[in-house]
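Single-structure report; data block below.
Every number here is computed from the coordinates shown, using simple stated rules; none is lab data. The structure presented is a predicted model; accordingly, all values stated were derived computationally and were not measured. All Cβ positions, glycine included, derive from the backbone under ideal geometry; neighbour counts span all protein chains shown.
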Amino acid sequence: MHVLGAVARNAVELVRFMWVDHSGVLRGKAVAADTLAGRMRSGVGVATVRQAASLLDQAQPVAGFPVMDEVRLMPDPDTFVLLPHSPGSAAMLCDLWTRSGAPWAACPRTFLRDAVGAAGALGYQVVAAFEPEFTLAHETGDGTELALFDDGLCLDNEAFDAANDYIVALSRALRSQGIEVEMYHPETSAGQHELSIRHAEALRAADNHVWQRAFTRGMARRRGMRATFAPVPRPGLRGNGNHLHLSLWRDGANAFAEQTGALGLSDLARHFIGGVLAHLPGLMALTCASVNSYLRLEPGKWAGAFGCYGPDNRDAAIRVPSTLRGKETASTNIELKVCDATANPYLALGATIQAGLDGVRNRLDPGAPLTEDPNRLSDAELRRRGVRHLPRSLEEAVAALERDELLMAVLGSPRRELCTAVKRADVRDFKEMSEIDGYVVHSTRF
Ligand code: GLU
Ligand code: MG
């Protein structure tokens, strides 16, 4: 098996079996290299309540949920990476299985697999990419301060140079582990950067994003720096988004593209947009999954705070990016802007696919695209154009999720109960905390 060979060749001592919990935190247990072959068959035991942990790491009570039980971390060999920032360690991403060897109904990766399967049943393959922004800081030891790494402007050559050694090392590390880097640029805020990974089949795209976050943070730490993907790491900073790009393909052709269609989109793409917009309030509990997420979603900040779609409209929740000349068909996609890196990417992407497919099955009409800057329109005018109200807080989003029958049905039990219990605990916990502590917790975890 290629994993065992790579472990031996690289003198790996410990192999982490990792998964992403409902708070979007990457967790796991490591096995000794010489036990790996057996562990890949048997998995590693983990208490069921780990999946009920809030962001403050307190297991939340959920009626009927088996507390005194275990599930198994079952690694996917296709996700194997050497961890460049942790010499001697390698890692794989895992599905959560029951002790009897079936996928567990609360497993996030299985949720995305099921969503991909639902698209497959309609004849489509899902192609996706996450496009995260993050903030780089110096390690200061004082958790309440963020000493930003550079004071560059957006796309500024000075910021390129300031962060060059780190970014080049990060790019090399990602590529060395088969994660293809597409683009990089310094973003709007001082210390803010964006590195995007090439689009891939949906499960692979989510896995790539998990490793990107881990490498970005781990490599910063090793250099005496800090990297955070928190939506708003400190008051006054421009938000970090994690825009989600999506398209459906059939027989190797992009089924979202139709050059003669409005905005170059097929009816399939329009219906998919209709579905995502219809479910967006509830969906946001999974794509903007933390209390901190809602600090980012301010109008005029290009975070997609308006419930509509439009061509290259950066304040619309769904942007239809202009295509690349010569690659018009292949580069057609939609971009969900109301997504950030506190989301569990498997839940966020899986639920977005399910919402879009609901639109496809029911031929939901997204209405006319918004071609103007929504910030220049009055509330009455926004309403007249069908711009939807979006949640202003995690609390509002969770309530919308609980009302969304489709999303609750596809999440299934006990995933939906665990997920909403964890989010409600976060709402309560962060209300009780000082404002600055809330920022610090998010930027430390993410
Ligand atoms: N930082 C913006 C956000 O919060 C996005 C800026 C851009 O890439 O257009 O989503
Ligand atoms: Mg950006």
*Across the stretch 176-194, which residue is nearest to ligand 1 (Cβ to nearest atom) among those that are farther than 16 Å from Tyr166 by Cβ and aliphatic (A, V, I, L, M)?*
Met183
*Taking His389 and the conditions (1) buried (at least 21 other Cβ atoms within 10 Å of the Cβ); (2) touching a strand residue (DSSP E or B) at 6+ places or on another chain (Cβ under 7 Å), which numbered condition does it fall short on, given that it satisfies the others?*
(1)
*If you go through the stretch 317-326, how many residues are more than 30 Å from Lys431 (Cβ to Cβ) and either within 9 Å of ligand 1 (Cβ to nearest atom) or in contact with a strand residue (DSSP E or B) (Cβ under 9 Å, 6 or more places away or on another chain) (or both)?*
6
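Which of the residues that make up the stretch 124-162 are surrounded by fewer than 18 Cβ atoms within 10 Å (Cβ to Cβ), within 16 Å of ligand 2 (Cβ to nearest atom) and not aliphatic (A, V, I, L, M)?
Selection gives Cys154, Asp156, Phe160.
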*Inspect all residues belonging to the stretch 163-170 and state whether any of them is away from ligand 2 (no atom under 16 Å from the Cβ), charged (D, E, K, R), buried (at least 21 other Cβ atoms within 10 Å of the Cβ) and in a helix (DSSP H, G or I).*
no
*If you scan the stretch 259-311, which residues turn out to be more than 27 Å from Asp437 (Cβ to Cβ) and within 16 Å of ligand 2 (Cβ to nearest atom)?*
Gly300, Trp302, Gly304
*Which members of the stretch 292-311 meet the condition of being within 14 Å of ligand 1 (Cβ to nearest atom) and part of a strand (DSSP E or B)?*
Phe306, Gly310
*Return the residue satisfying two criteria in turn: it lies in the stretch 115-141 and is over 16 Å from Arg221 (Cβ atoms) and in a loop (DSSP other than H, G, I, E, B), and of such residues it is nearest to ligand 1 (Cβ to nearest atom).*
Tyr124
_Show me the helices (runs of 4 or more DSSP H) entirely contained within the stretch 379-419 in which 3 or more residues are within 12 Å of Pro281 (Cα to Cα)._
394-403
*Those residues that are of a type in the set (Val, Ile, Thr) and more than 22 Å from the chain's Cα centre (by Cα), I need them from the stretch 118-143; list them, please.*
Thr140
_Subset of the stretch 175-224 that is within 17 Å of His243 (Cβ to Cβ) and among the small types (Gly, Ala, Ser) - its residue that is farthest from ligand 2 (Cβ to nearest atom)_ = Ala202
*Please indicate, with yes or no, whether at least one residue in the stretch 149-172 is within 18 Å of Phe446 (Cβ to Cβ) and touching a residue at least 60 places away in the same chain (Cβ under 8 Å).*
yes
*If you go through the stretch 312-342 one residue at a time, how many are assigned to a loop (DSSP other than H, G, I, E, B) and away from ligand 2 (no atom under 16 Å from the Cβ)?*
11
*Which members of the stretch 62-73 meet the condition of being touching a residue at least 40 places away in the same chain (Cβ under 8 Å) and under 26 Å from the mean Cα position of the chain (by Cα)?*
Val62, Leu73
_Failed condition for Gly252, given (1) free of Cβ contacts under 8 Å to residues at least 12 places away in the same chain; (2) under 29 Å from Val20 (Cα atoms)_ = (2)
*Has the stretch 240-259 got at least one residue that is of a type in the set (Gly, Ala, Ser) and within 14 Å of ligand 1 (Cβ to nearest atom)?*
yes
